[in-house]
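What follows is a short report on a single structure.
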């Protein structure tokens, strides 16, 4: 009887660990193993570089996104990489490095705005639809399916034309692009939240809240909503990469932000198409590489979190770690013949 009392306080604190181990990113890193951990770390590094570049763009960029000259004169068009312009200049005479750095800030603003709007609208509609049901639920489901059936880029183009006429300044352009992407993302959040609400509202704790006379708004906000949004971080990371691609597609097709108002990677790629056939590679390589690396980083984070949320992975990991724990317990805490049985 002394062995369980001795073993229990030794193992329990190690299993819980300090509080910072339970932080979202740290918790997922501790759960990941092998190649999955490498993918998650690589995704976090790429996403962190993108975030830091967007936040400190005015400090990192050597020139402004629309700057065409300095104290020595005009930059010149299609200049190759040099000490003055590390990544060369574009056909319009802009510094490529500065456009790439400032473009990260534009992409970051669009991602944050689009995801916040999508979560607010999609979660609210999913909560109301799943909990109340009835004709409202049927109408919202049909509308979500109809929107989801449209090609995402085509729907974004139509919304960009309706909202801003195709092109606009920085904040109007960011809002137009974000709202265009929001229309695509709302059905995804709506579906996920609605399915969780339909499942949770039949649980015993929700029924108990109804029995004691709790108001419907209180039940929906405090009990149902809190338990139906746990999978949203997985969708957010995947939608962030899709938002980058949609924004780049709008800019590439000429429905993005004007170059004098903000830097945008898709627009720069569109203007660099004619340079490729002339052997001028730097105007298209670096904006395209920025899109690829950011989308890759966000996708790696999203896929890794999605795998870690799979209960089969947690079961397999626990099964892999169980024999060493049993062996350690037998070695350090032997009993009267229990180790030989």
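The values are calculated or read from the model by the stated rules, or taken from the named source; none is laboratory data. Treat the numbers as computed from the prediction; the structure is a model and nothing was measured. Backbone-built Cβ (ideal geometry, glycine too); neighbour counts: all protein chains shown.
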*Starting from residues that are under 26 Å from residue 240 (Cβ atoms) and surrounded by fewer than 18 Cβ atoms within 10 Å (Cβ to Cβ), keep the ones in the stretch 192-230 and report whichever is modelled with the highest pLDDT.*
195
*What is the residue count in the stretch 189-220 for residues that are out of contact with any helix residue (DSSP H, G or I) (no Cβ under 6 Å at 6 or more places or on another chain) and either assigned to a loop (DSSP other than H, G, I, E, B) or farther than 13 Å from residue 123 by Cα (or both)?*
16
*Out of (1) within 18 Å of residue 257 (Cβ to Cβ); (2) buried (at least 19 other Cβ atoms within 10 Å of the Cβ); (3) within 19 Å of the chain's Cα centre (by Cα), the odd one out for residue 187 is which?*
(1)
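I'd like the full set of residues that are assigned to a helix (DSSP H, G or I), over 14 Å from residue 184 (Cβ atoms) and within 15 Å of the chain's Cα centre (by Cα), limited to the stretch 221-235.
First pass over the stretch 221-235, keeping only residues assigned to a helix (DSSP H, G or I): 221-228, 232-235.
Adding the requirement that they be over 14 Å from residue 184 (Cβ atoms) leaves 221-228, 232-234.
Within the stretch 221-235, 232, 233, 234 meet the criteria.
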_Candidates 283, 246, filtered to the one that is assigned to a helix (DSSP H, G or I) and either more than 27 Å from residue 119 (Cβ to Cβ) or in contact with a strand residue (DSSP E or B) (Cβ under 6 Å, 6 or more places away or on another chain) (or both)_ = 283
*Out of 153, 143, 136, 124, which single residue is over 30 Å from residue 203 (Cβ atoms) and in a helix (DSSP H, G or I)?*
153
_Any pair with Cβ under 6 angstrom, 6 or more apart, that starts in the stretch 267-287 at a residue that is exposed (fewer than 14 other Cβ atoms within 10 Å of the Cβ) and ends at one that is modelled with pLDDT of 85 or more and part of a helix (DSSP H, G or I)_ = 276/284
_residue 184 closer than 20 Å to residue 238 by Cβ, part of a helix (DSSP H, G or I) and in contact with a helix residue (DSSP H, G or I) (Cβ under 9 Å, 6 or more places away or on another chain)_ = yes
*Among the residues of the stretch 239-256, is there at least one that is buried (at least 18 other Cβ atoms within 10 Å of the Cβ) and more than 30 Å from residue 154 (Cβ to Cβ)?*
no
*Being under 20 Å from residue 183 (Cα atoms), out of contact with any strand residue (DSSP E or B) (no Cβ under 8 Å at 6 or more places or on another chain) and outside any helix (DSSP H, G or I) is the filter here, so list the residues in the stretch 249-273 that pass it.*
253, 254, 255, 256
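Could you check the stretch 78-92 and list, in sequence order, the residues that are part of a loop (DSSP other than H, G, I, E, B) and crowded, with 16+ Cβ neighbours inside 10 Å? Lay out the reasoning, then the answer.
So the first thing to find is which residues in the stretch 78-92 are part of a loop (DSSP other than H, G, I, E, B), and the list is 78-88, 90-92.
Scanning the stretch 78-92 gives 78, 79, 85, 87, 88, 90, 91, 92.
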